Amino acid sequence: MNNKIKILLFTDWYEPGFKAGGPIRSCVNFADQMKGDYELYIFTGDRDLRDADPYPEIEVNTWMEKDGLQVFYASPAALNWENIIVLIRRVKPDYLYLNSMYSRYFTIYPLLMKRLGMIKAQVVLAPRGMLKSTAVQYKTGKKKIFFRLLKWLRVAREITFHATDATEVNDTKRLFGNNINVTQIANFSPQQQALQPISKMPGIVRMIFSGRVHPIKNLLFLLRCLQSVSGEITLTIVASVEDEGYWKKCKALIKTFPKAVTVELQQDVPHHQVAQLINEHHLFVLPSRGENFGHAIFEALAAGRPVLISDQTPWRNLQEQHAGWDLPLDDPSAFVQVLQQVADMNNDEFQQWSTGAWQYAKDFAASSGLKEKYREMFS
């Protein structure tokens, strides 16, 4: 008899999707790490972010086995109240694990069902960085309505919030009150590979930006900093263009760069190819206005690539470990200084920072004890 706790994970997007970025990696890494401990089911949509067609080579609107767990890829037509409640009742989960904050079908409906007493499962809600002040400021009307609804229904008192760092704990309590149940556990990281060295010549640097083209990822800030850096510079932007107006401003600035600076946009790159692109560059740069984890940041560190990021992520004190730099966004000159420092590095200096980044990631993975913490939350 199978006595494993049964978890039904709700997420708008899952593999083979990749365009939604970090939230997909959070769910995939959780499933990979915990599928041996739990009877794990994934309920998700049948297509990637902004795609009109479903993923190829999947079965739609039925449970299919995938990598040792059960996944249900729902078509848009199948996403409705009746089908979702039937699916939950048939699985009979001990826990619902919701991996979004504002999704109609993957968050709001299950929360309403819980509040109305239609489902018995305990509910764990992971905001995935969507409660940060820098994230809440976008589409504020819709989000304010959602917060009021949750407070009016008092559903926040009946669930557990899963925060990935202390900032997200504070953000959650700021919005829903101090009496709610919040558990702080970091996201799982992918298994670390062996360090793949890359040589570095003084005056030449290849850097990579991976994220969305959106104000919260702050690409325009990076481009403005690059205007003051000298050397032979290549910047690869691996991103989906989410905000066309913002990208238009970026392109206008890129046109003013000298020939020594090359900027290339690569859109909609599958996750497994991003890892190879990171290996081909010296520096990972993401001056984000806020990350609750930053999977791409960790993957760069794990590849042995120093990172230049803002101080608005969980990855802090990087310079002490020669792993990178986490700098305040109100001091652009500090970013310019580091960009110039990396551009000027010789190979010996760069290898020291490369090894430091790789070791930083290895130490994090070894010391986190994440499995035990997740077992405690789902028990």
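Where a number appears in this text, it was derived from the coordinates with a stated rule and is not lab data. In this text the structure is predicted, and so the values were computed from the model without any measurement. Here the Cβ is made from the backbone with ideal geometry for all residues, glycine too, and neighbour counts use every protein chain on show.
Residue order for H271, H282, fewest other beta carbons within 10 angstrom first, comes to H271, H282.
With charges only on Cβ, +1 for K and R and -1 for D and E, what is the dipole size of region 329-379 about its Cα centre, in debye, rounded to 20? I would put it at about 440 debye.
For region 258-333, the Kirkwood estimate of the hydrodynamic radius, built from every pair of different alpha carbons, is 13.4 Å. Each principal axis of the Cα atoms in region 204-365 has its own extent, and those three values, largest first, are 40, 31, 30 angstrom. Toward the positive end of the charge dipole of the chain, with +1 on the Cβ of Lys and Arg and -1 on the Cβ of Asp and Glu, the farthest Cα among N346, W325, I185 is that of I185. Taking amide H atoms as placed 1.01 Å from N in the peptide plane, the amide H of V182 lies under 5 Å from those of F161, each 5 or more residues away in sequence or on another chain. Kirkwood's formula applied to the C-alpha pairs of region 6-184 gives a hydrodynamic radius of 16.7 angstrom. Using the Karplus relation 6.51 cos²θ - 1.76 cosθ + 1.60 with θ = phi - 60°, the per-residue 3J(HN,Hα) values for region 372-379 come to 5, 5, 5, 4, 5, 5, 9, 8 Hz, with x marking Gly and Pro. Cα-based values for region 321-379, radius of gyration first and Dmax second, are 16.9, 52 Å. By other beta-carbon atoms within 10 Å, ranking R89, R305, R50 with the fewest at the front produces R50, R89, R305. Here's the list of lysines a cross-link from K259 could span, going by alpha-carbon distance under 23 Å and ignoring same-chain residues fewer than 8 apart: K200, K248, K249, K251. Under 5 Å between amide hydrogens, built in the peptide plane, is the criterion, and for A74 it picks out T44, G45, D46, N61 among residues at least 5 positions away or on other chains. Taking V205, V269, V342 as the candidate residues, the one with maximal mean-square fluctuation in a Gaussian network model of the chain, Cα springs under 10 Å, is V269.
Using a simple spin-label model with pseudo-atoms 7 Å out from Cα toward Cβ, E158 and K144 lie 2.7 nm apart.
For region 277-379, dividing the convex hull volume of the Cα atoms by the residue count gives 103 Å³ per residue.
Charges at C-beta only: +1 for Lys and Arg, -1 for Asp and Glu. How large is the resulting dipole of the chain about its Cα centre, in Debye rounded to 20? Before the final figure, lay out each step's value.
On the way: 44 positive and 39 negative charges, 346 e Å.
Using only the charged Cβ atoms, the result is roughly 1660 debye.
Remark: region 28-45, residue by residue, has Karplus-estimated 3J(HN,Hα) of 4, 5, 4, 4, 4, 7, 10, 5, x, 8, 10, 8, 10, 10, 10, 10, 8, x Hz, where x stands for each Gly or Pro and the curve is 6.51 cos²θ - 1.76 cosθ + 1.60 at θ = phi - 60°. Using only side-chain charges placed at the Cβ, +1 for Lys and Arg and -1 for Asp and Glu, the dipole size of region 6-184 relative to its Cα centre rounds to 1220 debye. Averaging Cα coordinates gives a centre for region 68-100 and one for region 173-220; these two points are 29 Å apart.
Between N279, N218, N83, find the one with the highest GNM mean-square fluctuation for the chain; connect C-alpha pairs within less than 10 Å. The residue that fluctuates most here is N83. Spin-label model, N3/I58: points 7 Å from Cα along the beta carbon direction are separated by 3.5 nm. The phi torsions of region 9-23, fed into the Karplus equation with coefficients 6.51, -1.76 and 1.60 and a -60° offset, translate into couplings of 8, 9, 8, 4, 9, 8, 4, x, x, 8, 5, 7, x, x, x Hz, rounded to whole numbers, with Gly and Pro shown as x. Here r is the Cβ-Cβ distance between N347 and L253 and R0 is 22 Å; the resulting FRET efficiency, rounded to 0.05, is 0.10. The three principal axes of the C-alpha atoms in region 159-272 carry coordinate ranges of 57, 40, 27 Å, sorted with the longest axis first. Take each peptide in 334-340, 255-261, count the other Cβ atoms within 10 Å of every residue, and average; sorted highest first, the result is 334-340, 255-261. Considering only L226, L318, L116, the mean-square fluctuation computed in a Gaussian network model of the chain, springs between alpha carbons under 10 angstrom, is largest for L116. In plain terms, the residue of V263, V86 with the fewest other Cβ atoms within 10 Å comes first and the most crowded comes last, giving V86, V263.
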